[in-house]
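Written below as structure tokens is the structure these notes are about.
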Amino acid sequence: MTVGIVAFPGTNCEQDVAYALESLGAKTVTVWHRESSLDGLDAVVLPGGFAHGDYLRTGAIARFSPIMAAVEKLAAEGRPVLGICNGFQILCEAGLLPGALIANRDLKFICRPAHLRVESTDSILTRAATIGQVLTIPLNSYEGNYVPGPEAPNAVLRYCDPDGNVTEAANPNGSAEGIAGIANGAGTVAGLMPHPERAIEDFMASTDGRVLLESFIASVEATPAGVASG
């Protein structure tokens, strides 16, 4: 099993994601955004950072990088595709996930742990979790306010308080319905704003990110080669 991690100019979390996935048993390779093929890879992650300096809009330039045609091809084949923070923004810009991410409600950069409630286990991000489970994952973003498009989002994670209550007070950035992570209808493409790769070892104050990344790895292992999405 080999997972590609796409790096754009300004990406800064690719090594964190590689470390986290490899610590859980996956093999990873970094793929530069100018490459045009993901052949031989079983899945792909678009990690966090500030692709192209977030000029125009977050992900607006990265969406046109040559590698994105290959990401779209992999997604069409039903292979797991995960976007974390800036990667989530890029997947939305590319139309692989619905909606958009805009500036946080208070127009401030957020850097703190967030509580997330698992809403569904039918996705590559949550299959190893349980519905209603509360996870503590670091949130680091300025444009993390999720706004749905015409298509109703398939929410798999919502911001909540420590007891799992989804309230306005527990919503750190103003995201619609407290949405922190979504997936496509098939559950094979997913994105979230918090960083699970920063919550995998005891010294990180939380190991809850393992649940999400183990879900991703299990999804890769369970996806047959050559599968086509329905």
**Message:** I'd like to know if segment 25-47 contains one or more residues that are closer than 23 Å to TYR146 by Cβ, part of a loop (DSSP other than H, G, I, E, B) and modelled with pLDDT of 95 or more.
**Reply:** yes
**Fill in**
Every listed condition ((1) touching a residue at least 40 places away in the same chain (Cβ under 8 Å); (2) out of contact with any Leu (no Cβ under 6 Å at 6 or more places or on another chain)) holds for LYS27 save (1)
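Only one of these is crowded, with 24+ Cβ neighbours inside 10 Å, more than 20 Å from GLY59 (Cβ to Cβ) and aliphatic (A, V, I, L, M): ILE131, ILE90, ILE137. Name it.
Working: ILE131 fails: crowded, with 24+ Cβ neighbours inside 10 Å; ILE90 fails: more than 20 Å from GLY59 (Cβ to Cβ).
Step by step, each of ILE131, ILE90, ILE137 is checked, and only ILE137 is crowded, with 24+ Cβ neighbours inside 10 Å, more than 20 Å from GLY59 (Cβ to Cβ) and aliphatic (A, V, I, L, M).
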**Request:** Give the residue that is surrounded by the fewest Cβ atoms within 10 Å (Cβ to Cβ), with candidates limited to residues of segment 210-225 that are under 15 Å from the mean Cα position of the chain (by Cα) and of a type in the set (D, E, K, R).
**Result:** GLU214
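Which ranges mark the strands (runs of 3 or more DSSP E) fully within segment 100-212 that have 2 or more residues being of a type in the set (D, E, K, R)? Lay out the reasoning, then the answer.
On the way: elements: 100-102, 110-118, 134-141, 145-147, 154-160, 179-183, 189-192.
The qualifying strands (runs of 3 or more DSSP E) are 110-118.
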**Residue tally, condition assigned to a loop (DSSP other than H, G, I, E, B) and acidic (Asp, Glu), over segment 213-225** = 0
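Rundown of residues vs (1) in contact with a strand residue (DSSP E or B) (Cβ under 7 Å, 6 or more places away or on another chain); (2) among the small types (Gly, Ala, Ser), yes/no style:
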{"residue": "ARG63", "(1), (2)": "no, no"}
{"residue": "PRO66", "(1), (2)": "no, no"}
{"residue": "ALA70", "(1), (2)": "no, yes"}
{"residue": "ILE90", "(1), (2)": "yes, no"}
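Taking segment 48-87 as the region of interest, how many residues are part of a helix (DSSP H, G or I) and surrounded by fewer than 24 Cβ atoms within 10 Å (Cβ to Cβ)?
The first filter runs over segment 48-87 and keeps only residues part of a helix (DSSP H, G or I), leaving 51-54, 62-64, 67-76, 86-87.
Still in the list and also surrounded by fewer than 24 Cβ atoms within 10 Å (Cβ to Cβ): 52-54, 63-64, 67-70, 72-76.
Looking only at that region, the number is 14.
Quick check on GLU14: is it farther than 18 Å from ARG79 by Cβ, exposed (fewer than 13 other Cβ atoms within 10 Å of the Cβ) and modelled with pLDDT of 95 or more?
Details: farther than 18 Å from ARG79 by Cβ: yes; exposed (fewer than 13 other Cβ atoms within 10 Å of the Cβ): no; modelled with pLDDT of 95 or more: yes.
When the stated conditions are applied, GLU14 does not pass them.
The values are calculated or read from the model by the stated rules, or taken from the named source; none is laboratory data. The structure presented is a predicted model; accordingly, all values stated were derived computationally and were not measured. Please note: Cβ atoms are built from the backbone with ideal geometry, for glycine as well, and neighbour counts cover all protein chains shown.
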